Amino acid sequence: MARLKQLVPAFVLAIFFAAACSPTPSPAVSPAVTSIESVSPSAPAISIMCRADAAPQPALGGDPCPGAISAVELAVAPVRLPIDRIVIEPGPFYCDVIWPGATTAPACYGTLVIPGQYMHAWVGFVRSEKVAVVMLGRDLPADLLVPATAPLPWNATLVAVELPPTGWVMP
């Protein structure tokens, strides 16, 4: 009888572990997946405007916008706010002015820019007045005269996430 009393707790524990390792999913896990799927269709549409250089180098040919949009979305992902609007324009932030038109541009000398090598972007968020500023660039191939078979990938850098200065309007 004493031996039976020792085996009962071991038997109960074995049944508990067998149930915990069951191949059937737990009922508590299933509703979370359903609620995530039901939220996705009601997500607001993102307004995206992307304007590419008029005459990019043959080595940088192809539509740069799909890759640029993906790079911008990945760059602002750490902000963890839903995106409302993305505006992407060709060229770098000249003279490091990230809010053009808000203040008088400083005197500076232009840099050599290969058409199609740089882009910049602003991202507005839902329920937030803050705007993310992103600069985009891509490495140049060895020969700029050889046409590209596919657009080169973009490297994106999140420059700032802040309230824009008074007077600045997103293009």
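The values are calculated or read from the model by the stated rules, or taken from the named source; none is laboratory data. Note that this is a predicted model, so its numbers are computed, not measured. Cβ: placed from backbone, ideal geometry, glycine included. Neighbour counts: every protein chain shown. Each accessible area value is taken on the protein alone, full model and side chains, heavy atoms only, with ligands, DNA and RNA left out. Shrake-Rupley method; radii C 1.70, N 1.55, O 1.52, S 1.80 Å.
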Query raised in the report: Which residue pairs have Cβ atoms under 7 Å apart, sit 6 or more places apart or on different chains, and have a first residue in region 108-120 that is of a type in the set (A, V, I, L, M, F, W, C) and a second that is surrounded by 10 or more Cβ atoms within 10 Å (Cβ to Cβ) and in a strand (DSSP E or B)?
Result: M119/I88; M119/E89; M119/P90; M119/L136
Query - Matching residues in region 102-147 - criterion: being open to solvent by less than 30 Å² (accessible area, probe 1.4 Å) and basic (K, R) - result: R138
Report task. Could you please let me know if P115 is under 20 Å from R51 (Cβ atoms) and within 23 Å of the chain's Cα centre (by Cα)? Result -> no
Report summary line: Residues of region 70-103 being under 19 Å from E129 (Cβ atoms) and among the aromatic types (F, W, Y), in sequence order, are W99
Report task. Please verify whether region 62-78 includes one or more residues that are open to solvent by 60 Å² or more (accessible area, probe 1.4 Å) and within 15 Å of G116 (Cα to Cα). Result -> yes
